[in-house]
Amino acid sequence: MDFHPPSSADALDNLPREIRVGQLRDLIDTLNIAEEIASKGYLITSSELADLMDVNASAVTSRGDNWVWRNWVVSRVRREGNQILWQLERVD
C-alpha cells in the first residue's frame, strides 16, 4: 500500500467551510484592492505590494522589472529615494 503525505490542498480541504469561505472573502478583498490600484493608476511600494501578495518584500524585488501576478502585469516604474514603485495593469 502506497503512503502519500497530505498536500497543503488536502489540509485546506479539511478546514471547516466557514474558514474556507472566510479565506475566499479575504482573497476577493485582495483582488478588489489590486483592481482599484490598477484602475486608478496608483503606484505602490515594494513593501505594499508584498503585503498585497502576502509575500516577503524581497520576493517582490527579486522577480525582475516586469512580471505577472494573477490578473495583473506588475511593472517596476521608478525609484523614489530608497523605495521602488510598482504599477499594476490588468490583463484578461
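Counting Lys and Arg as +1 and Asp and Glu as -1, what is the net charge of the other residues whose Cβ lies under 14 Å from the Cβ of D54?
After counting each charged neighbour, the total is -3.
Check each of the trypsin sites (Lys or Arg not before Pro) in the stretch 37-92 and keep only those in coil by DSSP with at most 16 other C-beta atoms within 10 angstrom; list them in order.
R63, R70
Please work out how much accessible surface D29 shows to a 1.4 Å probe, ignoring ligands, DNA and RNA, in Å² rounded to 10.
90 Å²
Relative to the Cα centre, what is the charge dipole magnitude of the chain, using +1 at the beta carbon of each Lys and Arg, -1 at the beta carbon of each Asp and Glu, and rounding to the nearest 20 debye?
Dipole about the Cα centre, nearest 20: 320 debye.
Quick one: accessible surface of L31, probe radius 1.4 Å, all protein chains present, in square angstrom to the nearest 10.
About 40 Å², ignoring ligands and nucleic acids.
With charges only on Cβ, +1 for K and R and -1 for D and E, what is the dipole size of the stretch 40-92 about its Cα centre, in debye, rounded to 20?
For the stretch 40-92, the charge dipole is close to 140 debye.
May I ask which residue of L85, P16, N56 lies farthest towards the positive end of the charge dipole of the chain, with charges of +1 (Lys, Arg) and -1 (Asp, Glu) on Cβ and the Cα centre as origin?
It is L85, whose Cα lies furthest towards the positive end.
Taking only protein heavy atoms into account and a 1.4 Å probe, give the accessible area per residue of the chain in Å².
73 Å²
Please give the calculated 222 nm ellipticity per residue for the chain, where each DSSP H segment of at least 4 residues contributes -39500 (n - 2.57) and the sum is spread over every residue; nearest 500 deg cm²/dmol?
That calculation yields -14000 deg cm²/dmol at 222 nm.
If you line up the Cα atoms of the stretch 51-92 on their principal axes, what length do they span on each, largest first, in Å?
33, 20, 16
Can you list, bin by bin at 10 Å, the percent of alpha carbon pairs in the chain, starting at 0?
Taking all Cα pairs of the chain, the binned fractions are 15, 38, 25, 16, 5, 1 percent.
The values are calculated or read from the model by the stated rules, or taken from the named source; none is laboratory data. Keep in mind that what you see is a predicted model, and the values were worked out from it rather than measured. For neighbour counting, all protein chains shown are included, and Cβ atoms are generated from backbone atoms with ideal geometry for every residue, glycine included. Just so you know, the surface numbers come from the protein's heavy atoms only, side chains and all, with ligands and any DNA or RNA stripped out. Shrake-Rupley method; radii C 1.70, N 1.55, O 1.52, S 1.80 Å.
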